[in-house]
Structures are given as C-alpha cells and as structure tokens.
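The values are calculated or read from the model by the stated rules, or taken from the named source; none is laboratory data. Note that the structure is a prediction, hence the values are computed from the model and not measured. When we count neighbours, we look across all protein chains shown, and the Cβ atoms used for this are built from the backbone with ideal geometry, even at glycine. The area values use the complete protein model at the heavy-atom level, side chains included, leaving out ligands, DNA and RNA. Shrake-Rupley method; radii C 1.70, N 1.55, O 1.52, S 1.80 Å.
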Amino acid sequence: MKTNTLENKSVQKIDIVKVKEDKSFPYTDDISVEEPLEIRISYGSKGQRVSKNISVTMRTPGNDAELAAGFLFTEGIISGYHQIQTIDHPQAECSRNRENIIEVELAEDFSPQLNHADRNFYTTSSCGVCGKGSIESIKTVSTFQHIEREQHTLLFEVLYQLSGNLQSFQNNFSATGGIHASGIFDFEGQLLALREDVGRHNALDKLIGHALFTGQLPLKDQILVLSGRASFELIQKAAMAGISAVAAIGAPSSLAVDLAKEFDMTLLGFLRGNRFNIYNESSFHNIVEK
C-alpha cells in the first residue's frame with residue numbers, strides 16, 4: 001500500500017515580546033502548527049469510482065496517513081488494513097492545498113460503511129444525545145467487542161512512571177507546551193509508540209492508524225496513556241481499537257466512565273506522579289501496590 005504523505009513541520013518559530021516582572025524583551029518562541037486536513041475517500045469498482053469528502057479536522061501536520069486511516073477505522077467506516085489501497089496527498093492540487101488534503105483509495109471490492117460518516121458515534125461532547133444510545137451505537141460496530149483477553153497485573157510502581165515517561169518522549173510538547181499526546185505502553189511501562197497533535201482525538205487516531213499499518217490491532221495487551229482528560233470520544237476510539245486499559249493525566253467525563261464500564265475497560269484518571277484515581281477496574285486487570 002502506498003503512503004507517500006508529505007512531512008510537514010509541526011513547530012513554528014515566531015517573534016514575540018516576553019514580559020517577566022517589570023521587564024519586557026524580544027524573544028523567539030516555538031508554537032504548535034495547526035492547519036486543516038480534509039480527509040477524502042475514493043471507492044467503487046474500476047471506472048465507477050466515487051469520491052467523497054468525509055471530514056475536515058484541525059491538526060498538527062505530519063503522520064497524515066496514520067491520522068486518516070485511524071479516523072476511518074475508529075469511525076467504523078473501515079474495519080481493517082486490507083480495505084485500504086493507497087493513501088496520498090492528491091497530485092492534481094496546488095502545493096499549498098495538496099499538503100492539507102489526504103485521499104484514501106479503498107479496495108475495489110470493498111463497500112465502506114458510510115452511514116457511520118454521519119457521526120452515529122456522537123463524538124462531540126456537545127451533541128446533546130442520550131448517553132446510553134451513543135454507547136449502544138458503538139457496541140454494534142466495534143470489531144473487537146468480543147476479543148479474548150489475558151489476565152494482567154498493573155503495578156503501582158509501573159503506573160506511577162507512565163505520565164513522566166509520556167512527557168519525556170513528547171518532543172513537540174517540550175518545545176511548545178501546547179500539544180497533546182497519546183502513547184501506548186506495555187504492562188512493564190515500556191513505551192511502544194507515541195503520536196502528538198494539537199487535537200487530542202487526532203493524536204489518538206494517528207496512534208491507532210500506526211497500529212493499523214503495522215498489524216498490531218487489537219491493542220488488548222497495552223495501556224493507552226493520554227496527556228489530557230479522558231473524554232467520551234477518546235474512550236470510544238480506544239474501545240474500537242480493542243484497548244483494555246486507559247490512563248489519563250486529566251479527568252474523565254461521566255460518559256467516558258460509563259463507556260469504560262460497558263466495555264470492561266480499566267480507566268484511570270489524574271495520573272500524576274505517585275497518585276491516580278481508579279474510575280473502573282476491568283475484570284482482566286488487578287491493580288496492586290506490589
């Protein structure tokens with residue numbers, strides 16, 4: 001599969017005036033780049049291909065192929081890597097537009113589930129729909145809803161290290177202080193993969209897209225660590241990827257907790273230093289001090 005996406009810089013330097021106490025001085029600051037990405041899909045038999053704009057998301061440029069693939073997977077439009085033929089920025093567009101459009105060519109024998117493109121997953125916190133209804137809509141399309149899991153022990157000392165380890169690998173956050181990250185760790189606390197973006201949902205889609213490309217799904221034997229809060233849409237995406245344990249540095253929402261319980265997912269919040277809150281403990285995990 002072709003994935004020749006352009007590599008864009010995710011950090012931009014700008015001249016500012018810095019004020020500290022009673023002094024001001026010129027300063028060159030690093031800020032996170034934010035640009036729109038239009039995700040398009042092409043599907044149908046040869047000679048009868050249909051092109052459709054699926055989404056426009058504000059993102060940090062880079063890893064655009066992973067972002068598009070992860071988005072299509074977590075939205076239930078595709079269910080596997082084999083359904084993607086190519087992912088690339090369109091050649092026909094001018095250079096500026098080309099960098100902010102990604103086209104996903106789907107396999108000719110595959111019909112995408114476009115009914116899910118109408119936001120049946122209710123991924124925004126302001127949608128105003130019934131929480132139970134939105135959870136049920138996810139259960140009907142989750143590929144890994146009934147996967148077999150092994151029993152795992154989550155040690156306090158391993159969990160305590162996760163937030164610091166995540167931040168230590170956040171190169172763009174260290175430079176800008178204004179970017180989110182999603183990281184996958186094993187149960188010994190080793191970082192397996194990390195992606196950053198100005199949008200927390202984009203960072204997770206990039207991470208899941210990476211797992212999709214490398215054949216690692218479902219991520220049932222890993223811990224997902226989120227740099228911010230655990231919203232419903234992030235737990236939804238984690239559930240779609242078969243993730244069984246999520247640890248957030250921030251707080252979870254009530255619907256995120258409901259969804260974690262529905263999918264028997266361990267959910268931790270306020271993971272900072274030597275403390276965290278347990279909002280749900282999976283039947284497959286034992287969280288112990290030693």
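From the list ILE235, ILE208, which one is crowded, with 23+ Cβ neighbours inside 10 Å and at pLDDT 95 or above?
Result of the check over ILE235, ILE208: ILE208.
Which condition from (1) buried (at least 22 other Cβ atoms within 10 Å of the Cβ); (2) over 19 Å from LEU166 (Cα atoms); (3) of a type in the set (A, V, I, L, M, F, W, C) is the one that LEU255 breaks?
(1)
Exactly one of (1) open to solvent by 20 Å² or more (accessible area, probe 1.4 Å); (2) at pLDDT 90 or above; (3) hydroxyl-bearing (Ser, Thr, Tyr) is unmet by SER125. Its number?
(2)
Please pick out the residue among GLY228, GLY250 that is under 13 Å from the mean Cα position of the chain (by Cα) and farther than 30 Å from GLN83 by Cβ.
Of the residues listed, the single one that is under 13 Å from the mean Cα position of the chain (by Cα) and farther than 30 Å from GLN83 by Cβ is GLY228.
Take the conditions open to solvent by 50 Å² or more (accessible area, probe 1.4 Å), in a loop (DSSP other than H, G, I, E, B) and at pLDDT 85 or above and apply them to GLU108. Does it pass?
Numbers: open to solvent by 50 Å² or more (accessible area, probe 1.4 Å): yes; in a loop (DSSP other than H, G, I, E, B): yes; at pLDDT 85 or above: yes.
Taking the combined requirement at face value, the residue satisfies it.
Name every residue in region 66-83 that is in a helix (DSSP H, G or I) and more than 13 Å from the chain's Cα centre (by Cα), in order of residue number. Walk me through it before giving the result.
Within region 66-83, the subset in a helix (DSSP H, G or I) is 66-74, 81-83.
Once the filter is applied, which keeps residues that are in a helix (DSSP H, G or I) and more than 13 Å from the chain's Cα centre (by Cα), region 66-83 yields TYR81, HIS82, GLN83.
Restricting to region 212-232, give me the number of residues that are open to solvent by less than 30 Å² (accessible area, probe 1.4 Å) and without any contact (Cβ under 8 Å) to a residue 60 or more places away in the chain.
5
Can you find a residue that is surrounded by fewer than 18 Cβ atoms within 10 Å (Cβ to Cβ) and modelled with pLDDT under 85 anywhere in region 176-184?
yes
Can you go through ILE14, ILE31 and tell me which one is exposed (fewer than 11 other Cβ atoms within 10 Å of the Cβ), more than 20 Å from the chain's Cα centre (by Cα) and at pLDDT below 90?
ILE14
Out of all the residues in region 50-61, is one or more open to solvent by less than 10 Å² (accessible area, probe 1.4 Å), part of a loop (DSSP other than H, G, I, E, B) and farther than 12 Å from ASN202 by Cβ?
No, region 50-61 has no match at all.
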